[in-house]
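Peer 1: Once you've had a glance at the structure underneath, I'll fire off some questions.
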Amino acid sequence: MIQPGYRDARPIYEQIKDGIRKMILSNAITENEKLPPVRQLALKLAVNPAVVERAYCGLEEGGYIYAVEQTGEYAVSAAAGCRKQKLLDNFDCVVLELLGLSAAADELATRVHTLANAADTTD
């Protein structure tokens, strides 16, 4: 589970958000699984409920969770098309910026292949 570290330089809400994001991506939290209510998670982590609310908002903006009024927040599938499209859009923006900074296209392609090969070996 998530354990925010007060020695970590990142804000607590970012630590919570990253922890939940990693749990969703690793399928520790499955598709459509209900997340703990804000107050319950805040109590468990000994943080202000506004901190958990901020983390949940960030996760929703990132496409990792969705909210259902009066019932709570739920995890989106790790392979959800919506999230994939957002990441591809971000990827396109980063690549265009790198090309604008004179990065070579073959260098970028090599990096993508290296990352893909590394991901294949960890599966």
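Peer 1: What does the charge dipole of the chain about its Cα centre add up to, to the nearest 20 debye, if the Cβ of each Lys and Arg holds +1 and the Cβ of each Asp and Glu holds -1? Mind showing how you got there, number by number?
Peer 2: Working: 13 positive and 17 negative charges, 109 e Å.
It comes to approximately 520 debye.
Peer 1: Also: Helix-only mean residue ellipticity at 222 nm, the chain, DSSP H runs n ≥ 4 weighted -39,500 (n - 2.57), per residue, nearest 500. What is it?
Peer 2: -19500 deg cm²/dmol
Peer 1: Report, in whole Å, the centroid distance computed from the Cα atoms of the stretch 1-57 and the stretch 98-123.
Peer 2: Result: 31 Å between the Cα centres.
Peer 1: Can you tell me how the stretch 1-40 classifies by the Cα gyration tensor, rounded, prolate or oblate, using a/c under 1.5 as the rounded cut?
Peer 2: On the way: a/c = 2.86, a/b = 1.63, b/c = 1.76.
Oblate, since a/c reaches 1.5 and b/c is not below a/b.
Peer 1: Sticking with this structure for a sec: Show me, for the stretch 88-95, the HN-Hα J-couplings you get by feeding each phi into the Karplus relation (A = 6.51, B = -1.76, C = 1.60, θ = phi - 60°), rounded to Hz, glycine and proline as x.
Peer 2: 3J(HN,Hα) across the stretch 88-95, in whole Hz: 5, 4, 4, 4, 4, 4, 5, 4.
Peer 1: Something else about it: Which listed residue (Ser102, Ile12, Ala42) has the Cα farthest towards the positive end of the charge dipole for the chain, taking +1 on Lys and Arg C-beta and -1 on Asp and Glu C-beta about the Cα centre?
Peer 2: It is Ala42, whose Cα lies furthest towards the positive end.
Peer 1: Got a number for carbon plus sulfur as a percent of the chain's accessible area, 1.4 Å probe?
Peer 2: On the way: 4750 of 8470 Å².
Summing carbon and sulfur atoms, their accessible area is 56 percent of the total for the chain.
The values are calculated or read from the model by the stated rules, or taken from the named source; none is laboratory data. Keep in mind that what you see is a predicted model, and the values were worked out from it rather than measured. Here the Cβ is made from the backbone with ideal geometry for all residues, glycine too, and neighbour counts use every protein chain on show. Side chains included, ligands, DNA and RNA excluded: accessible areas come from the protein's heavy atoms. Shrake-Rupley method; radii C 1.70, N 1.55, O 1.52, S 1.80 Å.
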